[in-house]
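Reading through the structure tokens given below for one structure.
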Amino acid sequence: MAIAASILLVASIGANIFYHKQSVNDQDMLVQALVENQSTEQKLQHIQEKWKLLQDPVIKTVTLAFVEQHPQLKAHVFWNTKTTDVYLSLENLPAAPKGKQYQLWAIVDGKPVDAGVFPLDKTDQVTIMHQIPAAQAFAITLETIGGYPTPDLTQLYVMGNT
């Protein structure tokens with residue numbers, strides 16, 4: 001009887017260890033699924049923001065396409081022609097080198113006007129830029145962090161006409 005009880009005790013302890021490890025594993029998988037779900041929800045929210053801008057009749061969408069030196073790059077400007085608000089949606093700009101930052105420009109009467117700098121850590125979001133009442137084109141250059149009053153055209157990445 002003592003041998004049977006000992007065997008049952010060992011089996012019970014083994015089963016408890018197995019199910020405890022399984023429970024910990026299941027909890028880890030649940031946490032991972034919750035994190036992925038939250039990330040997916042954020043991406044969906046950003047896509048819905050872009051869709052809302054695309055559906056607004058006062059929003060003019062300007063595609064900023066590559067220039068010769070950067071053939072794979074693209075961005076979109078959503079320009080509210082009524083309120084003059086400008087929103088920027090990045091597509092695939094590479095990380096800026098240390099000490100540098102991307103800057104959006106509006107080309108007004110042939111002259112560049114600063115439309116603001118933007119962080120690259122939020123490339124999946126629509127960024128609100130400076131208001132621009134009129135523009136013939138928009139462009140993005142790589143500048144010193146904080147922006148610059150005039151663009152470095154040797155560092156032109158994308159451009160698009162309105």
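The values are calculated or read from the model by the stated rules, or taken from the named source; none is laboratory data. Given the structure is predicted, the values throughout are model-derived calculations rather than measurements. Here Cβ is always computed from backbone atoms with ideal geometry, including for glycine, and neighbour counts include all displayed protein chains. Heavy atoms of the whole protein, side chains included, go into the accessibility calculation; ligands, DNA and RNA do not. Shrake-Rupley method; radii C 1.70, N 1.55, O 1.52, S 1.80 Å.
Observations, loosely collected:
- Packing rank of 77-85, 54-62, where each peptide gets the mean count of other beta carbons within 10 Å, highest leading: 77-85, 54-62
- Sulfur and carbon atoms: percent of accessible area, the chain [1.4 Å]: 59
- Region 101-162: C-alpha gyration tensor shape, a/c 1.5 cut-off, then a/b vs b/c: oblate
- Column: log10 I(q)/I(0), Debye, Cα scatterers of region 28-94, q = 0.15, 0.19, 0.28 Å⁻¹: -0.65, -0.82, -1.13
- Difference of contour (0.36 nm per residue) and Cα-Cα distance, H130 to T81: 16.3 nm
- Counting lysine pairs in the chain whose alpha carbons fall under 24 angstrom apart, excluding pairs fewer than 8 residues apart on the same chain, gives 24.
- The accessible area of I17, taken with all protein chains in place and a 1.4 Å probe, comes to roughly 90 Å².
- At a probe radius of 1.4 angstrom, the accessible area of region 13-123 per residue rounds to 67 square angstrom.
- Extension gain, L30 to K60: 0.36 nm times the residue separation minus the Cα-Cα distance gives 6.5 nm.
- Most to least accessible of H130, H46 (protein chains only, probe 1.4 Å): H130, H46
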